[in-house]
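Dropping a structure here in structure tokens format, bear with me for questions.
Bear in mind that the values in this text are calculations on the coordinates, not laboratory data. As the structure is a computational prediction, the values presented were derived from the model and not from experiment. Here the Cβ is made from the backbone with ideal geometry for all residues, glycine too, and neighbour counts use every protein chain on show.
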Amino acid sequence: MAIPASVEQRARWVLDMVGAPGLRLGDDLPFRPDAWEAVERGELPEGDELAAGFFHLARVEERGSERDRHGRFLAASSCLDPLDPPLERLRRELGVEPPSYRGARFVVALTHDVDVPWRWTRIGVRGAAARLKSHALAGRTGDAVHEARGLARVPLHKVRGTDPNWRFAEIAAEESAHGARSSFFVMAGHGHRADGAAPEAYERLRPRLVETLLGTGAEVGLHGSYLAADDLERLARERVLLAQLDGPLIGQRYHYLRVDPHRNLAPLAGIGFRYDTSLGFPDALGFRAGIAHPFRPWDFARERPADLVEVPLAVMDATLAEERYEGLSADEAKPRVLALLDRAAEHGGAFSILWHPERFDAPSARGWDRLYFDLIEAVRERGGVCLAAGELAGLAAERLGLPRD
């Protein structure tokens, strides 16, 4: 039976992404028309791991799917187990060794989204006071005490000219002491209240922020604003604005993880980005595209792989800590993340983790700062390495058929 060219191209992409370019659909792997017809209908095929691989990797289930109020596709709506990525199972079934990076079995790209560079703005103080009152009235004693202690330190910060969120040099220095380097994604536009309550403060601080980050040797990327996820022209303007401070920008992550693989991922290459690292679930750890390594997203508009590296986002601090998601303490979260690292050490992997800078002020971090550096050490102990996201994307680009520079 003749294989449609479109199916052959889709199968070729999946095989390339799992590192099996020498295998061919129809010769080395059976062609089951009914499985690919199910994919075309938006259904997960049964009995065909290659067709199912396309379904997951191309995020077919997200096409026209239910989303939350921020326009995000949640793990709760997905048919896959994000901690058991099916493309990695396919890789093992095909007898393909996972790629290594700088000789390491697995790689973790360390990333930080700079949402609020300065906590104690005037509106920040008012917000903390309002939260304190809300916690107290609701009987949430621990949260109320936490806010009260933070507010009690405001006068000292004012005298010193410091802020609990402005710890960028300290974060980078501690990472360097662990033999690691990270990426900071900086905002360059505020058009929605979800972008932050003090846009004027962010605009004023942005040049100093970028100068500080570059001075530490960190990578700077764009944190595309809330509305930019729906407006690529806005995103392009934000990139130009930030590039005036940083020079060429190669990577970005959408604020609130408002990424839609069918709409605003492949076009990033046309704006000038070489990689993105937005594709993760806000409500769960693991791999939203069913693969634990960088890959080229599928461009449905052109029926071909996009000219972009996607670095999967596997762990976000907010997923673990926030009550609307897991609501864990740092101690409770630690074994969850260590289990993911154990799996990566056994099967390979190359993915990003996200820790927001506001979780690095020791008096208010509730242990999340210690957990982050414990995880870096855990990567080293398991034979992995920690890199900036742009470094990982560059290492993956050549293997994926894209130029590194």
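With each run of n ≥ 4 DSSP H residues scored as -39500 (n - 2.57), what mean residue ellipticity at 222 nm is computed for the chain after dividing by its residue count and rounding to the nearest 500 deg cm²/dmol?
Numbers: 16 runs with 173 residues, N = 405.
It lands at -13000 deg cm²/dmol.
A follow-up question, please. For the chain, what is the convex hull volume of the alpha-carbon atoms per residue, in Å³? Walk me through the intermediate numbers first.
Working: hull volume 55.2 nm³, N = 405.
About 136 Å³ per residue, rounded to a whole number.
Let me ask something additional. Among LEU137, LEU214, LEU151, which one shows the biggest mean-square fluctuation in a GNM of the chain, springs joining Cα atoms closer than 10 Å?
LEU137
Still on this model: Which of the peptides 154-160, 143-149, 169-175 is most tightly packed, and how do the rest follow, going by the mean number of other Cβ atoms within 10 Å of each residue? Spell out each step's value before the answer.
Details: 154-160: 11.3, 143-149: 16.0, 169-175: 17.6.
Sorting 154-160, 143-149, 169-175 by mean packing, highest first, produces 169-175, 143-149, 154-160.
Okay, next question. Classify region 121-162 as rounded, prolate or oblate, taking a ≥ b ≥ c as the square roots of the eigenvalues of its Cα gyration tensor: rounded when a/c is under 1.5, otherwise prolate if a/b is larger than b/c and oblate if not.
Values: a/c = 4.41, a/b = 1.99, b/c = 2.22.
Oblate, since a/c reaches 1.5 and b/c is not below a/b.
Shifting gears a bit: With θ set to phi - 60° and the Karplus curve 6.51 cos²θ - 1.76 cosθ + 1.60, what are the ³J(HN,Hα) couplings of region 83-90 in order, to the nearest whole Hz, using x for Gly and Pro?
8, 10, x, x, 5, 6, 5, 4
So how tilted is helix 368-381 from the main axis of the chain? Cα-based, degrees 0 to 90, rounded to 10.
Long axis of 368-381 versus the principal axis of the chain: about 40 degrees.
Moving to a separate point now. Going by a ≥ b ≥ c, the root eigenvalues of the Cα gyration tensor, does region 5-76 fall in the rounded group (a/c under 1.5), the prolate group (a/b larger than b/c) or the oblate group?
On the way: a/c = 2.82, a/b = 1.93, b/c = 1.46.
Since a/c reaches 1.5 and a/b is larger than b/c, the shape of region 5-76 is classed as prolate.
To continue, here is another question. What is the distance in Å between the Cα centroid of region 56-73 and that of region 165-199?
That distance is 28 Å.
For VAL125 and LEU137 in the same chain, what is the full-extension length gain: residue separation times 0.36 nm, less their Cα-Cα distance, in nm?
2.5 nm
For a quick check of your reading of the filter: which GluC sites (Glu not before Pro) in region 286-375 sit in a DSSP loop and have no more than 10 other Cβ atoms within 10 Å? Could the numbers behind the result be given before it?
Numbers: sites: GLU303, GLU310, GLU322, GLU323, GLU326, GLU332, GLU346, GLU358; in loops: GLU303, GLU322, GLU323, GLU326.
Listed in order of number, the matching sites are GLU323.
Label points 7 Å out from Cα along the Cβ direction at ARG370 and ALA2: separation in nm?
6.7
Taking Cα atoms, how many degrees apart are the long axis of helix 141-152 and the longest axis of the chain, rounded to 10 and kept between 0 and 90?
Between the helix axis and the principal axis of the chain, the angle is about 60 degrees.
Just flag the trypsin sites (Lys or Arg not before Pro) in region 280-354 sitting in loop per DSSP whose Cβ has no more than 11 other Cβ atoms within 10 Å. All intermediate terms of the calculation are to be shown ahead of the outcome.
Working: sites: ARG288, ARG302, ARG324, ARG336, ARG343; in loops: ARG288, ARG302, ARG324.
Filter output for region 280-354: ARG302, ARG324.
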